[in-house]
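The values are calculated or read from the model by the stated rules, or taken from the named source; none is laboratory data. Fair warning: this is a prediction, and the values are worked out from it, not measured in the lab. When we count neighbours, we look across all protein chains shown, and the Cβ atoms used for this are built from the backbone with ideal geometry, even at glycine. For the accessible areas, the whole protein counts, side chains as well, though only heavy atoms, and no ligand, DNA or RNA atoms are used. Shrake-Rupley method; radii C 1.70, N 1.55, O 1.52, S 1.80 Å.
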Amino acid sequence: MGETAEKIEADILVIGGGPAGCWAAWNAAANGASVVLIDKGYVGTSGATAAGNTTTIYTRRGTAERAATVGQRVRLGHGFTEAERVERVLDRTLENLDLLAKWGYDFPSYEDGRPYRGMLRGPDYLRFMRQKLIKARVKVIDHCPVEQLLVSDGAVAGAVARFRRSGETLEIRSGAVVIATGGCAFLSGALGTHNLTGDGYLMAAEAGAVLSGMEFSAQYGISPAYSSVTKGVVYFWGTFSDEQGNVLTAPGDRQSVVASELIRGPVYAILDKASPRLQEGFRRGQPNIFVPFDRMGIDPFKERFPITLRHEGTVRGTGGLKIDHRSTTTVPGLFAAGDAATRQGMSGASTGGGGPNSSWAMATGSWAGEDAASYVRSLGANWRAREARTTNQRKTPSSPPSSDDLNSVVAQTKQQILPLDGGYFRNQESLSKASSILSDLWDDEAWRSGDRAKVREAEALIATSRWATESALLRKESRGLQRRTDFPDPNPLLARSIDSGGTDDIWASFQPQQKMSAAS
Amino acid sequence: MIEIVSEDRCVKCDLCVDACPDNVFDAVPDSAPVIARQSDCQTCFLCELFCPTDALYVSPLSEAIEGSTETDLIAKGVMGSFRREMGWKNAKPRGTAGDMSYRIFETGTITP
Ligand SMILES: Cc1cc2nc3c(=O)[nH]c(=O)nc-3n(C[C@H](O)[C@H](O)[C@H](O)COP(=O)(O)OP(=O)(O)OC[C@H]3O[C@@H](n4cnc5c(N)ncnc54)[C@H](O)[C@@H]3O)c2cc1C
Ligand code: SF4
Ligand code: SF4
């Protein structure tokens, strides 16, 4: 574990300062707990929301609008969406959005003057939350990735982090820990995902936590070919074409049509179906969509531009740490929220992009903060005296550090997950091959001697890839984001979730039939 | 990727050093920050929002170097363009009230 330069203590440690972590920290503090919020990057700019902007869902239970959203979720969930869970998430989202308005967040209005609360601009929203947390006496620590959890007698008791700049470690002892480290996008270059390498999954799994729904992580977002900006919403008003200009009209969802064609050659898009009124709406709402176009001198509403698909993994896909009906994981003292938690009960086998995800982050973050606070109260004052041990028992090898080795391990891991042929469309052969390569990479010790922070990220990437691959191997059917070319149809008998876990010995298994809100 | 820290415009406040989520910059005493880890840049443009003097330029190319010069970029009017469109000023958010994103949903093409 190296030298511990600094030790601190708090009732609750929240790891990750995206929306899920911010709401967890605020609710924990509001329930009387002392709170440390720690981030690998900077609370306010790090993570998918900060860079992305998010549509969110502002609807009231019992209205037609709410029914439309819930109905859509159930339909797209392919058998996994629990309607009542969606209702509860959206109830809490409405409450939180109203709270933001009460706090003075400068929401826009419709042209008729009614307030519009369905959009949160990432950097504005998170900067606002950061200020709110500091006022609520939450201790915010930036640029300090957490590397592993501490446990005491089977319960989580804190974590060890390392400052990015000094390389010194920081030990945080706490009564409970909230994992809000976001999803894993496998370093695909999708917008805002560079810090999202699955670290929270790995540290939780080392402490014995279980994951779920990892086979539903093959979510890809469209971006201009040269750009990071995977803002998919504009493409609903787009036309796709191949190199020669032939319009792509094959049946199926637009993403799969683009994916199939990209395997053959370049694909282009033009946003020719957006009315001038909508064009203005996009420009005045989502400036980040247009930065790449404006700086390249392209008018996307009038000219074709090349596009690509970038992996968004569990950031917009489904899998993550298994939780109960709120945010409690399978390990005492450990809570999970946002993309770090499995979203299967909300988005089922599909992406929750475009509203559900940001709502999920708000609601589960809030629940995690509240439930962590009551858990710590139930521990009494005794948690401070607990003996704690680290959960990553692996020794750093003594071989000379080589960044070449480390870079090559990361590149090989990405190669098993990112390509459309194998990642987007998978089959027994591609998945088995990936499984054995990933297992060899994990078992190899030599590359682990390099920079600690980068080694931990690489380990998290490999572990996350392995849970996703083993779960995808087990699910011999196609359903939502799981697209098996050898089993192209859904199998009604397999409408059951797959749990996974382990680090040295990876496992995945079907769970007993659960109550579903709709058949697939 | 981040390509330019303008020596002329930079007032050495080091806000970008802190605000960059990927720890791309290093602060330099009495000088403009340097781009120390360019390959870690995630092309999120957010450092531009925090810069009070529009001294930073993030190229839209996320995997290649654009190589434009500061003079070209100033002539094209793109230094600080993202900050202006977002309505930020002096590292402070302003401008969410003018968001017209509701138009995305008014035709019923998509449901959030
Ligand atoms: C381009 C894009 C657009 C999107 N648009 C929408 C939308 O319109 N509507 C919608 O509902 N959803 C949208 N999403 C999804 C949405 O952004 C996410 O679901 C949401 O950000 C999840 O919040 P989170 O707090 O769980 O994770 P994040 O916001 O990703 O935050 C996770 C945080 O954890 C930190 N972290 C990671 N590892 C560590 C570690 N080891 N130690 C400490 N900290 C760590 C990261 O630095 C980061 O700050 C979009 C996603 C993308 C990529
Ligand atoms: S674009 Fe984003 S990642 Fe790159 S330097 Fe600026 S803030 Fe950092
Ligand atoms: S934010 Fe702008 S002015 Fe401040 S140090 Fe960075 S480049 Fe210079």
*What are the residues of region B:84-99 that lose 10 Å² or more of accessible area, with a 1.4 Å probe, going from their chain alone to all protein chains?*
B:GLU85, B:MET86, B:TRP88, B:ALA91, B:LYS92, B:PRO93, B:GLY95, B:THR96, B:ALA97, B:GLY98, B:ASP99
*Note the buried accessible area between B and A here, summed over both chains, with a 1.4 Å probe, in Å² to the nearest 100.*
4800
*Can you list the HN-Hα couplings for region A:407-424, worked out from phi with the Karplus curve (6.51, -1.76, 1.60; θ = phi - 60°), rounded to whole Hz and with x for Gly and Pro?*
4, 5, 5, 5, 4, 5, 5, 4, 4, 7, 10, 6, x, 4, 7, x, x, 6
*Residues whose placed amide H lies under 5 Å from that of A:SER478, excluding near-sequence neighbours*: A:ARG484, A:ASP489, A:ASN491
*With every protein chain left in place, what is the accessible area of A:ASP272 in Å² (1.4 Å probe, nearest 10)?*
80
*asked:* Going through the cross-link list A:LYS40/A:LYS135; A:LYS414/A:LYS476; A:LYS40/A:LYS395; A:LYS273/A:LYS476, which pairs have a Cα-Cα distance over 28 Å in this structure?
replied: A:LYS273/A:LYS476
*Once the whole set of protein chains is in place, how much accessible area is left on A:VAL291, using a 1.4 Å probe, in Å² to the nearest 10?*
10
*Tally up the carbon and sulfur contribution to the accessible surface of chain A as a whole percent, 1.4 Å probe, everything protein left in place.*
50
*Each label point is 7 Å from the Cα along the Cα-to-Cβ direction; what then is the distance between the points at A:ALA381 and A:SER34, in nm?*
1.2
*Other chains' Cβ within 10 Å of B:73-82 residues: what's the mean?*
2
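In peptide A:270-276, how many Cβ atoms from other protein chains are near each Cβ within 10 Å, on average?
Working: counts 0, 0, 0, 1, 2, 2, 0.
Per residue, the average neighbour count from other chains is 1.
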*Which residues' amide hydrogens lie under 5 Å from the amide hydrogen of A:SER34, considering only partners 5 or more residues apart or on another chain, with H built in the peptide plane?*
A:ASP11, A:ILE12
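Within a 10 angstrom radius of each residue's Cβ in A:224-230, how many Cβ atoms of other chains show up on average? Whole number is fine. Mind showing how you got there, number by number?
Values: counts 3, 2, 8, 6, 11, 5, 0.
Per residue, the average neighbour count from other chains is 5.
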*asked:* Give me a comma-separated list of calculated 3J(HN,Hα) values for region A:21-33, in order, Karplus coefficients 6.51, -1.76, 1.60 applied at θ = phi - 60°, integers in Hz, x for any Gly or Pro.
replied: x, 5, 5, 5, 5, 5, 5, 5, 5, 5, 9, x, 8
*Under a 5 Å amide H to amide H cut-off, with H placed in plane at 1.01 Å, what residues pair with A:VAL267 once short-range neighbours are removed?*
A:ILE307
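Compute the FRET efficiency between B:GLU106 and A:ALA225 as 1/(1 + (r/R0)^6), taking r as their Cβ-Cβ distance and R0 = 25 Å, and round to the nearest 0.05.
Working: r = 30 Å, r/R0 = 1.22.
With a Förster radius of 25 Å, E is 0.25.
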*Find, among the GluC sites (Glu not before Pro) in region A:204-283, those assigned to loop by DSSP (not H, G, I, E, B) with at most 16 other beta-carbon atoms within 10 angstrom.*
A:GLU243
*asked:* Going by Cα centres, region B:13-43 and region A:273-310 are how many Å apart?
replied: 29
*Order the following by accessible area, largest value first: A:VAL257, A:VAL43. Probe radius 1.4 Å; ligands, DNA and RNA are ignored.*
A:VAL257, A:VAL43
_Whole-Å distance, taken between Cα centres, linking region A:313-328 and region A:100-116_ = 30
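Mind checking the per residue accessible area of chain A for me, 1.4 Å probe, whole number of Å²? All intermediate terms of the calculation are to be shown ahead of the outcome.
On the way: 18540 Å² over 520 residues.
Per residue, chain A has an accessible area of 36 Å².
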*Taking the C-alpha atoms of chain A, how large are the radius of gyration and the largest Cα-Cα span, Dmax, in Å?*
22.1, 70
_I'd like the accessible area for B:ILE35: 1.4 Å probe, protein heavy atoms, all chains in place, Å² to the nearest 10._
50
*Residue-wise HN-Hα coupling along region B:6-17, computed from phi with Karplus coefficients 6.51, -1.76, 1.60 (Hz; x: Gly, Pro)*: 6, 4, 5, 8, 5, 9, 6, 7, 6, 4, 5, 4
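Largest first, how would A:HIS194, A:HIS311, A:HIS325 line up by accessible area (1.4 Å probe)? Please report the intermediate quantities before stating the final value.
Values: A:HIS194 50, A:HIS311 10, A:HIS325 105 Å².
Final ranking, largest accessible area leading: A:HIS325, A:HIS194, A:HIS311.
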